[in-house]
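Below you'll find the structure, written out as structure tokens, and then a few comments.
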Amino acid sequence: MGVSGRGSEAAGGPHPAAAGRCRAFLAQCRTAEGAFPYTPGAAPRPEPTVLAVAAGEPLPAAWIAALPPQWGLMLLPAVAGAQAPAICAPILAWLLQSRSLPVEDVEGFDATIPGWSWVEGTAAWVEPTAWAVLSLCRCPPLPGIGAADREARAAHGVRLLLDRQCADGGWNYGNPRVLGQELVSAPASTGWATLALIAARQAGHAVPPDALARADAALDLALARPGLSSLALAALARRAGGGEAAPFIDRLLPRISPEEGAGGRADWTALCAMALDGIFL
Amino acid sequence: MNRRHLLLGAGAAALTGLGANATSILRQPEARVHGLRCAAYTEDLVGRVREGIAAFPAFAARVRGAKVLLKPNLVEVHAGRPVNTEPRLILAALEAFRQLGAAEVAIGEGPGHSRDTDAILWNSGLADLLQAAGTHRGRYARFTDLNVDDWAEVEAPHDFTGLGRLPVSRQVLGADIVVSMPKLKTHHWAGATLSLKNLFGTVPSQVVGWPKNRLHWAGIDNSIVDLWSIIRPAFSIVDGITGMEGDGPIMGTAVDHGVLLFGENLPAVDATAARRMGLRPGRIDSLRMTMGIGGTISALRIEETGDALPTIPYALLPQWARLRA
């Protein structure tokens, strides 16, 4: 993924009218700083801003540069590493040193693999780990950030994601099972983890084809339990794997409006805009 | 003479021999919990909720002109598993508070794990119900995802977590009346999840991480009691029409219990609900911790009104067998 990578795809995306409705809503949401809140009128936040940038909105450089590294910025090096290296370098450096804490007394998975947590000083979870892997694998080389360090930490993330893959092929939020009970996967976590593993494979990391095939099949769970961000992420991941995203897009289209975007949320709307535009994430 | 009077009569002599326990019991304010039998979600739920609220006249009088926030327990949707507060009951409560003259009735929840709140709303049926009731307006006009709401850091009066201040959603802090609407469930980390545990959803996950991870690391029970001390919800409506036993709060199995519980003292409501689940409330750490800071869990201090509610021993995971009454 990356702003540099979307280019003409966005202009000639397969669903320009619906994508335009998403962008109309995002324009309503943008704050004076150029950043984005989760919902119109609220305070701007890192996550919806980074997703909006990934969807092609301008990067609010000054606003982002003033923020301390945090989970909402984890994806930024993957999104804007090429266009804003000075802003992304400290975030990438933070991703290299940030480590989740191990958890004791777990069963059925390796809780010692150092992944990434939502907040410092807590355990690893699938989504932050997937974002870190995406940034470590997708961001172009940045001054002061060693390639070997990036590869090593990305390898940790890949190990963790493979370790946490559920029996149904997708990902729950953190664990594949708890207290002896197999957990069922969650569509949004599955979408992010699949995108991360595809990026890791493309960056040269060893990702078993079977794991990716099972993950790809599990994306269809988003059709059984549809939600706006789940459908958009399933579309992005299916397309990244070379598959056909139409089943997910067809479910999204009726729910996009210029007044409300996708569910009245800037973060979901940005994901839908990417899915509708055919952006490769 | 009601059930409390009987209990007080029977317990008076016992109290004299209890020493420290008697002191502990007497430190708990007297509380009342109203129970109603309700066999199915197809019954007149608005009428049942109104009846439950009417059992607390002082509270009912506060509703007129107030901004009411309903805080249900919405987690994720799994076919055949009663994970969430039933949407029909949520809608009934919304309608009941409107009929009682509330200036505004909103619904807010910050689900623990799932970030796709849209999926929960639609797959649970709540979005359809709100839309049909004319309250949805295409953008959950009456629903706030508290996980991404603006927030304020609020000092915890007793600071059991050691965090000092906890972030709480502005929607919650701005309400005149917060109504906790939990599902009657067992919980594999906390023993049971009721009105107090339900307050986890008032904390924006964008601050503490999913699934409220910082709170888990600070101690679930500590966090539960701190949140109750901060928010002090005015009322609780417990959905026990269908409960969950075993590996709750998600992977457990349904219990057709047929009860609704109402009350102003949330620990008292939860203690009573726990007894109806066949649990000993004093062995649920968070409930025990509320004693002395305004919570009531002793049966000797709780007046139970309304219908006689059945007690069904809920199946427990082995590690929670100690909760069994």
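The values are calculated or read from the model by the stated rules, or taken from the named source; none is laboratory data. What you see is a predicted model; the values in this text were computed from it and never measured. Positions of Cβ are generated from backbone atoms using ideal geometry, with glycine treated the same way; all protein chains shown enter the neighbour counts.
The residue of the range B:284-325 that is farthest from the other protein chains (Cβ to nearest Cβ), among those that are without any contact (Cβ under 8 Å) to a residue 60 or more places away in the chain and of a type in the set (D, E, K, R), is B:ARG288. When B:GLY258 is tested against (1) crowded, with 24+ Cβ neighbours inside 10 Å; (2) within 15 Å of B:ILE312 (Cβ to Cβ); (3) among the small types (Gly, Ala, Ser); (4) away from every other protein chain (no Cβ under 14 Å), just one condition goes unmet, and that condition is (1). Here B:SER205 fulfils each of the conditions (1) touching a residue at least 40 places away in the same chain (Cβ under 8 Å); (2) closer than 18 Å to B:LYS185 by Cβ apart from (2). Taken over the range A:12-49, the criterion of being crowded, with 17+ Cβ neighbours inside 10 Å and of a type in the set (D, E, K, R) is satisfied by A:ARG21, A:ARG23, A:ARG30, A:ARG45, A:GLU47. Under the condition of being assigned to a loop (DSSP other than H, G, I, E, B) and either surrounded by 24 or more Cβ atoms within 10 Å (Cβ to Cβ) or touching a Leu at 6+ places or on another chain (Cβ under 7 Å) (or both), the residues counted in the range A:50-99 number 8. Between B:LEU309, B:LEU287, B:LEU260, the distinction of being touching a Pro at 6+ places or on another chain (Cβ under 9 Å) and under 17 Å from B:LEU184 (Cα atoms) belongs to B:LEU287 only. Of all residues being assigned to a loop (DSSP other than H, G, I, E, B) and not hydrophobic (A, V, I, L, M, F, W, C) in the range B:232-253, which is farthest from B:LYS183 (Cα to Cα)? Just the residue, please. Across the range B:232-253, the extreme among qualifying residues is B:ARG232. With respect to the conditions (1) at pLDDT 95 or above; (2) within 14 Å of chain B (Cβ to nearest Cβ); (3) under 17 Å from A:ARG164 (Cα atoms), A:VAL103 lacks only one, and its number is (1). The sole residue among A:ALA240, A:ALA270, A:ALA222 that is touching a Leu at 6+ places or on another chain (Cβ under 9 Å) and within 12 Å of chain B (Cβ to nearest Cβ) is A:ALA222. State yes or no: is B:GLY248 within 14 Å of another protein chain (Cβ to nearest Cβ) and among the small types (Gly, Ala, Ser)? Yes, satisfied.
If only residues of the range B:198-233 that are among the aromatic types (Phe, Trp, Tyr) and closer than 27 Å to A:ARG45 by Cα are counted, the one that is surrounded by the fewest Cβ atoms within 10 Å (Cβ to Cβ) is B:TRP217. Number of residues in the range A:33-49 that are facing another protein chain (nearest Cβ under 10 Å), within 29 Å of A:ARG99 (Cβ to Cβ) and not in a helix (DSSP H, G or I): the value is 2.
Taking each residue of the range B:58-80 that is under 16 Å from B:GLY243 (Cβ atoms) and more than 14 Å from chain A (Cβ to nearest Cβ) and looking for partners that are hydroxyl-bearing (Ser, Thr, Tyr) and surrounded by 15 or more Cβ atoms within 10 Å (Cβ to Cβ) with beta-carbon atoms closer than 6 Å, six or more apart or interchain, yields B:PRO72/B:THR85; B:ASN73/B:THR85.
For the range A:154-189, a residue qualifies if it is away from chain B (no Cβ under 13 Å), under 17 Å from the mean Cα position of the chain (by Cα) and closer than 14 Å to A:ASP220 by Cα, and exactly one does: A:GLY170. For the structure I just gave you, tell me whether A:SER257 is of a type in the set (S, T, N, Q) and either more than 11 Å from every other protein chain (Cβ to nearest Cβ) or buried (at least 21 other Cβ atoms within 10 Å of the Cβ) (or both). It is false that A:SER257 is of a type in the set (S, T, N, Q) and either more than 11 Å from every other protein chain (Cβ to nearest Cβ) or buried (at least 21 other Cβ atoms within 10 Å of the Cβ) (or both).
Taking the numbered list (1) modelled with pLDDT under 95; (2) farther than 30 Å from B:PRO318 by Cα; (3) under 16 Å from the mean Cα position of the chain (by Cα) in turn, A:THR269 passes all entries but (1). Just one of the listed residues (B:PHE235, B:PHE200) is away from chain A (no Cβ under 14 Å) and either within 22 Å of B:ALA66 (Cα to Cα) or at pLDDT below 95 (or both), and it is B:PHE235. Of the residues screened, A:LEU212 is not one that is of a type outside the set (Ser, Thr, Tyr) and under 22 Å from B:VAL75 (Cα atoms). Say whether the condition of being over 21 Å from the mean Cα position of the chain (by Cα), modelled with pLDDT of 95 or more and surrounded by 17 or more Cβ atoms within 10 Å (Cβ to Cβ) is met by at least one residue in the range B:135-148. Checked the range B:135-148: at least one residue is over 21 Å from the mean Cα position of the chain (by Cα), modelled with pLDDT of 95 or more and surrounded by 17 or more Cβ atoms within 10 Å (Cβ to Cβ).
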